[in-house]
Structure formats: structure tokens, C-alpha cells
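One structure below.
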Amino acid sequence: MQTSRGKLIASFAAVTFVAAFAVLGVAFNSSDTSLPLAPSAQAPIAQVPVAPAPVTSDKPASAKTALPLGILPQLYALAVAPGHEPAAQLVALGKKLFNDKRLSADDTVACATCHDPTKGFTDHRGNSATSAGVQDQHGQRNAPTVLNAMFQASQFWDGRAPELEDQAKLPILNPVEMGQKTPDDVVAKVAKIPEYSDAFKSLLGRDPTYEDIASAIAAFERTQYSGNAPFDRFLAGDPQAVSESAKRGWALFQGKGRCSSCHAFNAVSPLFSDQKFHNIGIAAHKQNFAELARKALAILRTGDTKQIDELALQTSYSELGRFLVTKNPADIGAFKSETLRNIGVTAPYMHDGSLATLWDVMDHYNKGGVPNPYLDGGMQRLALSEAEIDDLVAFLFTLTDDRFADFNQAEMARQTALKTNRPQRETEIAEGRKGDLGDIGVSPDLRNPASIGAY
Ligand code: HEC
Ligand code: HEC
């Protein structure tokens, strides 16, 4: 993988560098085209053609704009090595591809259909919890936002794609998403569209490969960083930026609510995510995990990413989560702690979109999740009062980028109106007056102890 991608980058980089330096008249050192190494195995690096290192021109070729409040240069540098910002031309091409329905088999679905840039890069379906692809087919999972995805240690709810470039190749070929049959079909279709074949030719000197198409889309995604939330202004020293209720919510988030144990936050890791996988009991709503895991192991032939992609999106094995990737029983029903940035504008919630509002999310946590043998040890009953739940929700609504401020406001009003309908609320369990308590493990069936945990 590294080899072919390395070549791709070398060819992209050579073209970009030569073109840019020809224009700018800057001395060109060929060793600059070598790839920077990732600072850590966790941090994705720029796997895309790069703009030249800072130059003194008025017209920088890089697509990087000023970083928003909340996103530090150190974080950006972990995702995009300094001097290797994606080139503006490539980003523009990627943006066009991202929004183009012609990338799908029947010209009906673009990346942006499920990741709508005007809706926080998610799809906000009114009538269903999971996303709809070609011929209105629904997969098993809810579309997460693309905002800040560039900073994640892995992509998808189960982390099955290491980087944005790997990720972008999958939905185009998934039968219930964009429905193309093979990479060759995609390449042939794109090459027939003159605006694309011209653009790729001027960038690469040739028609694009499937890798090139994915790299262009990923280059666009690497410009989708998002901060500038009221909470960022509050942390930067403006006490008026958030309400008193939201301030109490922030304290609860780190304290009684126990949220920060998984939705970890600090200045250089500001996504509110530990980037790890936990079973918080969402999938336990519908599944007998042990039985499902046994069957899945029989089906997983090679565990290649394409097979996992189809199991995850098209079958009930979806609910096994991270287990499909690792085959480790500890990962059964475990999903990624998603970023909480822009959470106000990315309803519905969770990997299956099963929770409609942030009040439903709070009710789920308050009762300690849904008991199952693989429930994360960090899930406990919280005994939060209704006022404390309101404070936590108020806090969550302060994490939205100002560019979606109006939408955030409208969402808060919409969700507030739904507050009277609380399907997840179990106050007696939350307060420890009734069991199944989330913090008490499930007893094995002692008539047949071997039935538990043996795969
Ligand atoms: C039919 C709807 C649909 C289409 C079309 C679609 N996606 Fe997605 N996207 C999803 C869903 C659902 C997930 C979560 C799937 C999972 O985790 O198993 C997802 C996950 C992602 C993620 C991972 C984000 C994270 O937090 O882990 C990225 C990035 C992404 N999509 C980008 C794209 C790109 C780029 C395209 C176009 C090439 C695209 N998507 C097309 C529905 C869609
Ligand atoms: C044990 C780890 C853990 C703890 C503790 C935890 N979370 Fe989560 N959170 C997760 C995981 C994992 C997911 C995704 C689960 C899934 O989809 O199955 C998630 C999902 C969410 C989502 C939905 C994200 C989306 O994009 O749909 C919200 C909102 C959320 N958590 C808020 C909170 C709040 C508020 C608290 C504290 C009351 C909290 N979490 C405590 C791990 C945790």
C-alpha cells in the first residue's frame, strides 16, 4: 500500500512542485518530494500532493486558511506535515468530486448527499435513522460528520479505514451507498467527464487512477477543520460566550457525568474523543452478541476491508462493531467515541442513529447504558437530575462552529420541543432504585458456562 501510494505522491508532488516552482521561480530541491514521516503511528499524515514550503508570493498555492479558535497549529501539524498542505488546485478538484452525484452508479448520490456541507456534513434524515444510498437503500449506520475527520486516528465508527484516502474508496463501491461495481468503472466514468480528465491531466499529466480520485477527495477533507465554537471563546477567556447552564454542564461533563473519561478533551486533542472503541450498550438494544459473534467468525473469510465494509453496512453483523475488524471478543459491540464538536447539528445520534435528541443520549448514559456482557467498565449509573441533564445538553450545544450558529439554534429549539418524548428515560434505574443496573455484570448461564465467551 505504502509503495503505490508513495509513487502516487511522488508523481503528484513532482508535478505540483515543478509547476509551482516554475511560476514562483524558487530553487527546487528534489529531496523535498520525499514523504515526511508521521510524528506518531496514531497521527495521520498528509498522503496527498503538497504545496511547496512557505514562499514569499502573495498567492500561496496551499489550501490552508487561518486555523479557527480551538484548533492549534500543533494539532494541524500532526494531520498535515508542515510545508505539505494540500495544493489548492487539488482541493478544488476534491471538493467538486465530493459534491458530484456522477460519482455514483446512477448519478443520484454524492458524498455530499450523506455528508451535506450545509448541514454539518451529515444527512439529517427526517424519516429514518440510517443513511440512504442509491435506489434509496438504507445501510445499517448513521453518517458521522466529515468535519475534523482529518484529525482522527482512524475512520468509520469501527475504525476499519486507517486514513481518509482509504475511507474515500469504500462508499463509492458499496452497493447500498454509491453502488459502483469496480474501481475501473469509476475511473472510466470520471475519465469520460472532460472537466475531470482535463483537471487531472493538468495536475498529473495523465488520466486519474482510483487512488488519485480518493486522494483528491481526501485533500478536500483535509481542509475541513472546525473550531470557533462558543465553548472555544469561553475557554479563551470570554465568560459571556456560554450560558451559566452550559458552564455547569461543562463541570458535570468532567465530573459527575463521567463523560470526559471517553470524550477526552485538551488543547492539543480538542475533539472530545479518546479515539478508542467502547461498548456503551447501544447495539445491545437488538442483539444476542455471543451468538452473532460466533456466526460472524465463520463468515469472515479473510477480514479484508471490502468484506468488513459490506458486513458493517448491509447486515445485522454491523452491531458487532469493532469486533468485525479485530475479531477480539473485548471489542464486541464497541464503537468509536465520536467527536462531540458540532454535535448540536449532527442528529440523530450514535452509530445506528437510534437516539433522536441529546436528551435521549443523556437518558441512555444516566441509566448506565444497556447491560450486556461486553459493556465498557466506564459505564455506570449517573443519578443525574433533570436540571443536570438540561445543563449537560446546554453545554453540548456550545460545541458548534459559528458557521452553523443559526442551524444550531434551530436544532436546539427542535430538540427542546421533543423533550417530552423520552423513550430512553429510566429514572429509577438511573437513581439506583431498580435493576438491571448498568454497573452490575450479567451473570453467565451456569447450566452451560461454556456458552459464554468461547468462540
Ligand atoms: C449513502 C450515504 C453515504 C455516502 C454516499 C457517503 N457516506 Fe461517508 N459515511 C456514511 C456512513 C453511514 C458512515 C459511517 C459508516 C461506518 O462507520 O460503518 C460514513 C463514514 C464516513 C467517514 C468517517 C467519519 C468518521 O468519523 O469516522 C468519512 C470521512 C466519510 N464517510 C466520507 C465520505 C466520502 C468522502 C464519501 C464519498 C466518496 C462518502 N463518505 C459517501 C454515509 C455515506
Ligand atoms: C465508556 C466511554 C464513554 C463514556 C463514559 C461516554 N461516552 Fe459518549 N460515546 C462513546 C461511544 C463509544 C460512542 C459511540 C457509541 C455507538 O455509537 O455505539 C459515544 C457517542 C456519544 C454521542 C453521539 C455521537 C454522535 O456523533 O452520534 C454523544 C452525544 C455522547 N457520546 C455524549 C456523551 C456524554 C454527554 C457523556 C457523559 C454523560 C458520554 N458521552 C459518556 C463513549 C463514551
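Computed over region 273-392, relative contact order equals 31 percent, with contacts defined as Cα pairs under 8 Å that lie 6+ residues apart. Listed cross-link partners Lys96/Lys306; Lys96/Lys419; Lys336/Lys434 are compared with a 31 Å cut-off, the Cα-Cα value being larger for Lys96/Lys419. Calculated on the Cα set of region 246-385, radius of gyration then Dmax: 15.8, 50 Å.
Take 312-325, 187-200, 214-227 and order them by the average number of nearby Cβ atoms within 10 Å per residue, most first; the result is 214-227, 312-325, 187-200. Cα convex hull, region 74-125: 108 Å³ per residue, rounded to a whole number. Taken over the alpha carbons of region 184-333 as equal point scatterers, the Debye sum produces base-10 log I(q)/I(0) values at 0.14 Å⁻¹ of -0.96. By the beta-carbon count within 10 Å of each Cβ, the least crowded to most crowded order of Trp157, Trp359, fewest first, is Trp157, Trp359.
Convex hull of alpha carbon positions in region 213-256: directionally averaged projected area 4.6 nm². Against the compact-protein benchmark of 2.2 N^0.38 Å, the Cα-based radius of gyration of region 332-433 scales to 1.09.
For the pair region 258-324 and region 328-390, the centres of their Cα atoms are 14 angstrom apart.
Both radii are taken from the alpha-carbon atoms of region 166-267; with Rh as the Kirkwood radius, Rg/Rh is 1.25.
For region 307-357, a Kirkwood radius taken over Cα pairs fed into Stokes-Einstein (4 °C, viscosity 1.567 mPa s) yields D = 108 µm²/s. At q = 0.16 Å⁻¹ the log10 of I(q)/I(0) for region 76-169 amounts to -0.76, computed by Debye summation with a single uniform scatterer per C-alpha, solvent ignored.
A short reminder: the numbers here are calculations on the coordinates, not readings from a lab. No experiment lies behind these values; they were computed from the predicted model shown. As a convention, Cβ positions derive from the backbone with ideal geometry for all residues, glycine included, and neighbour counts pool all protein chains shown.
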